[in-house]
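Throughout, read-outs are computed from the coordinates displayed, never taken from laboratory work. This is a predicted model, so every value here is computed, not measured. So basically every Cβ, Gly included, is an ideal-geometry build from the backbone, and we count neighbours across all protein chains shown.
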Amino acid sequence: MEKLLGLLILVVYNCLQTSARPQSRQPEQVHLSLGVKPSQMVVTWLTQDDVNATVMVEYGTQLGQYQYQALGQTTVFVDGGAGQTVRYIHRAKMVVAPGQRYFYHVGSNAGWSNMFYFNTLPAGTNISYKVCIFGDLGIVNGVSFGRLQRDAQRGAFDLVIHVGDFAYDLSAENGTWGDQFMRQIEPIAAYVPYMVVAGNHEETYNYSNYVNLFTMPNSSDNQYYSFDMGPVHFVALSTEYYGFFYKYGLTPVFNQFKWLNDDLAKANQNRDNVPWILTYMHRPLYCSNENSEECMGLDNDLIRNGVPGVPGLEDTFNTHAIDFGFWGHEHSYERMWPVYNRNVYNQSADPYHNAPAPIYVVTGSAGCYSLHAGFDQDPAPWSAVRALDYGYSILTVYNYTHLYLQQISDDKNGAVIDSLWITKDRNHYYNAVYRNSLRSVHIPKPKRSENHVFMDDSNEIH
Ligand SMILES: [Fe+2]
């Protein structure tokens, strides 16, 4: 009897042992982001367990010699799923000089990451660099991952902008899909700053996975912020404040709108030094995909024009003469002619020289489970080029007056399927007088069904 009891205790003990979760204080999901100033580089990483030690980044300009240390701060993140999984997010800020390569690793006495490196840009504002921009990248059918990982480490671009929709979703399976996604971006984002904005797929649990996993400058929730890089002022905005206003109210819309106007006014005061203004956000203002309610319906209308008492974004973009908008959400590539208020400016020999209105690009084709968005049979009048290939955009910033946009196709082994120069004369910024001197094509609003379901996300797959 005693032997039997002993055997039973042993079996129960072994069962308990094998069901225990392995402990991990090992740094993972290492990714860089730009700080508030050009002299800062922020690194964020995660451990599955509490390290109970001082976390830090060690870094320096000589291979394997870490001359500098910056202590990190740790946030305990409890996932909103049924598992209430706890993760530990660590953040540290490096102080860096221009025009250098830095080597670094992150961790603590409980464990260190691999060594990574990154380059800082030269000093000054009239400098050249490359930005990689895409949206809608998942861990199922994440087609662009391989090329992005390889090219990030080859130095093919200096900055990544992911315009929303990650992992599909970061929050899935108690955040383990987020773990997988963040591990897969490490070969990109540990080498190149990875800047983000939220899409509709980040909304779960009030965006908490998105808020906790990333670190954007001057922002507690990573929803809207701006930064300067050489001759470009970048502005990240949330379209999800509009998309989910029925759930979270309109205060975030108003707060962002006030901030945006202040930010763009300041940017315009500094336009001699930083002449280009590029905005990025998730949902498009214009597109011509076959689910045309999204492109031309009330949802986009609200973001573009607002409704009485709720400001939209297009007039503000116009007032402050922004140059660009990059968007995702539609799983395709579409480059627009300069367009404002449904007036299309494509009647001159080179509409992209001294463009009289913003140039918008949908680049949401990096790859996810819901495949391509498809297009309407006929392009919309504002649509200049469109493609269903998987891929991403590369914007080469040359200087104060010249930029070059390329669309890279994963389907065609990295071939460039669209390219164009975007140029403007020094100190040229559009305004109504300039615009009125040009020919344009006005596209009247279509009549639409009164029965349109407003902001219905129930079948949302984008
Ligand atoms: Fe989306």
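Annotations for the structure displayed:
- For segment 407-430 versus segment 119-163, the spacing of their alpha-carbon centroids is 15 Å.
- Neighbourhood net charge (14 Å Cβ-Cβ; Lys/Arg +1, Asp/Glu -1) for G111: -3
- Cross-link partners of K130 among aspartates and glutamates (Cα-Cα below 12 Å; sequence separation of 8 or more within a chain): D151, D158
- Computed over the chain, relative contact order equals 14 percent, with contacts defined as Cα pairs under 8 Å that lie 6+ residues apart.
- Cα gyration tensor shape for the chain, rounded if a/c is under 1.5, else prolate or oblate: prolate
- Set K93/K424; K37/K266; K37/K424 screened for pairs whose C-alpha atoms are more than 24 Å apart: K93/K424; K37/K424
- Cα centre as origin, Lys/Arg/Asp/Glu Cβ charges: the chain dipole, Debye: 1180 debye
- Candidates Y333, Q184, H320 compared by Cα position along the dipole of segment 129-442: farthest toward the positive end lies H320, with charges placed on Cβ.
- Rounded to the nearest 10 degrees, the angle from helix 172-189 to the longest Cα principal axis of the chain is 70 degrees.
- Sparse-neighbour loop sites [chymotrypsin sites (Phe, Trp or Tyr not before Pro); segment 349-387; at most 14 other C-beta within 10 Å; DSSP]: Y369
- Relative contact order of segment 28-119, pairs being alpha-carbon contacts under 8 Å that are 6 or more residues apart, as %: 31 percent
- Among residues other than F375 with Cβ under 11 Å from its Cβ, the summed charge is -4 (Lys and Arg +1, Asp and Glu -1).
- Förster-model FRET efficiency, 22 Å R0, N354 and A415, C-beta, rounded to 0.05: 0.15
- Calculated [θ] (222 nm, deg cm²/dmol) that DSSP helices of n ≥ 4 give over the chain, each run adding -39,500 (n - 2.57): -6500 deg cm²/dmol
- Counted charge near H442, where neighbours are those whose Cβ lies closer than 14 Å (Asp, Glu -1; Lys, Arg +1): +4
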